[in-house]
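See structure below.
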């Protein structure tokens, strides 16, 4: 996917910064993570909102082209998590626009419109989406004000600059429950079929809201995808975050590292790691029957596994399968063990006598830059062989590594050793106790820190050039974003055939690489693409978004009537 240059330029000229005060209180994050497990289950979440939830209509006005209602209600999240929603955001304000005459007798379609980033108050959605839909198709609309936006914005918040990472989860929790309140209100007033839509962040919030309505519901998420983690870590929005502040806060407060990090799951990375392990595992190199059985169990496609259970269960099963492999007796990583492995390679004529002597000539098994030219038969694969047998044995002995299988051979074909001018500095290994390691983590982290691959002329690493997966704070960000926003952590919508998602092919705000697809997570959903970036799609394709909403409502009317399937 090529990224839109317009998206990058547009983002660069905005002064809005996000999460300027950090992660938020650890206790608030803990409560939100625990509550996510409730709202992600449709049956449990639906019970939280009574059918006659109190809604107050404060205004009714007859306009030339529609009837306008205004109202409010108290956000249910304030009831279930008191103290977590700012006081000004506790009152959920909304507008309702109804056609003066409904085109079809007995059918009163209504669509809830959720706000994208920066969409304060009601006027933008009212004039660009709701009124045109009333005029073109007789589809009424509800416009809900986001928490932290417009009438619900804290006084000390500048524009859309959320103070804490936790605020985005408070916003999502509010909107999920508030959408249920409004769906119930529509039903009490004889309105339906029902739908929900939104652009960008609003599209993702609409997707989350749709997972908890136990009846047919039209869903048209525009310019969003399966998780918000890619938005803040890979998209252009990542440039608007003070990562140094978040990293300092994360490393200085043990609550984040020692407790909260264990409550979250990086959904796609955990799945891909397990899938790669299964694909690269070979009985010839790992003959233990129990580990071969493990590989066979893991060697299953995403779609096949998705039919059986939620993706979260898959990632947990991957870890459990590795844990259940019987442990082999291992020896700690010692100088004697490494010498023995080197002697074995020498006996098999896999390394030269000269290299063998040089490696044993010092306690740290280091090579000087001038020694590198003497390397003849020692390849990355052979060094990896030593590393995994000795280093993992040590990690197992200390209880740091949870897996009990040797990792697969690396797929790289070029020797890891480079001429002295090309050697790069690598960070010292950070091995945390009680950390669950994946095979891919062990292969990359331990291999890069093998002592005799380092030059003595190394310089300190430039953290600005380190891939985000190598920084704990960034890993934590992806983990909490996946935990609270990844659609695979939520129930599948009641009828996925009523879903039409619209995405931009060149979206630099919402990257789609290396994350689960909507079609995989929601079988039966339809995804359409426009040949544009995020910004240009928002500006130029409003009519397409409306067309998809109208088409999805037509599907609903043909397939369902009063919540019952039409034969």
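Any read-out appearing in this document is the output of simple, stated calculations on the displayed coordinates, not a laboratory observation. The structure displayed is predicted, hence computed values, not measured ones. Cβ atoms come from the backbone with ideal geometry, glycine included; neighbour counts cover every protein chain shown.
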Sorted largest first, the Cα spans of region 114-243 on the principal axes come out in Å as 48, 27, 25
Starting with the fewest neighbours, write out 255, 34 ranked by other beta-carbon atoms found within 10 Å of each beta-carbon.
34, 255
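Taking 0.36 nm per residue of separation and subtracting the Cα-Cα distance, what length does fully extending residue 158 through residue 27 add? Could the numbers behind the result be given before it?
On the way: separation 131, 0.36 × 131 = 47.16 nm, distance 2.46 nm.
44.7 nm is the gain from fully extending residue 158 to residue 27.
Taking 25 Å as R0, compute the FRET efficiency from the Cβ-Cβ separation of residue 151 and residue 20 and round it to 0.05.
Working: r = 22 Å, r/R0 = 0.88.
Rounded to the nearest 0.05, the efficiency is 0.70.
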Report the FRET efficiency, 1/(1 + (r/R0)^6), for residue 361 and residue 257, where r is their Cβ-Cβ distance and R0 is 60 Å, rounded to 0.05.
0.90
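If neighbour count is taken as other Cβ atoms inside 10 Å, put 121, 490 in order from fewest to most. Don't skip to the answer; put the middle values down first.
Details: 121 17, 490 25.
Going from sparsest to densest Cβ surroundings: 121, 490.
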Would you work out the relative contact order for region 197-240, in percent, from Cα pairs under 8 angstrom that are 6 or more residues apart?
39 percent
May I ask you to compute the full-extension gain from residue 188 to residue 131, defined as 0.36 nm times their residue separation minus their alpha-carbon distance, rounded to one decimal in nm?
18.2 nm
Report the paramagnetic label zone for residue 79: residues of region 169-193 whose backbone N is under 11 Å from a point 7 Å from Cα along the Cα-to-Cβ axis.
178, 181
Distance in nm between pseudo-label sites at residue 47 and residue 557 (7 Å out along the Cβ direction from Cα)
3.7 nm
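Given a cut-off of under 8 Å on Cα pairs at least six residues apart, what relative contact order in percent is computed for region 75-189? Walk me through the intermediate numbers first.
On the way: 147 pairs, mean separation 38.5, N = 115.
Over region 75-189, the number comes to 33 percent.
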P(r) of region 42-141 over all Cα-Cα pairs, 5 Å bins starting at 0, rounded to whole percent, reads 2, 11, 17, 19, 19, 16, 10, 4, 1, 0
Convex hull of region 470-525 built on C-alpha atoms - directionally averaged projected area, nm²
4.8 nm²
Taking neighbour Cβ counts within 10 Å as the exposure measure, how do 222, 45 sort from fewest upward?
45, 222
Quick calc: nm separation of the 7 Å Cα→Cβ label points for residue 239 and residue 37 -> 4.0 nm
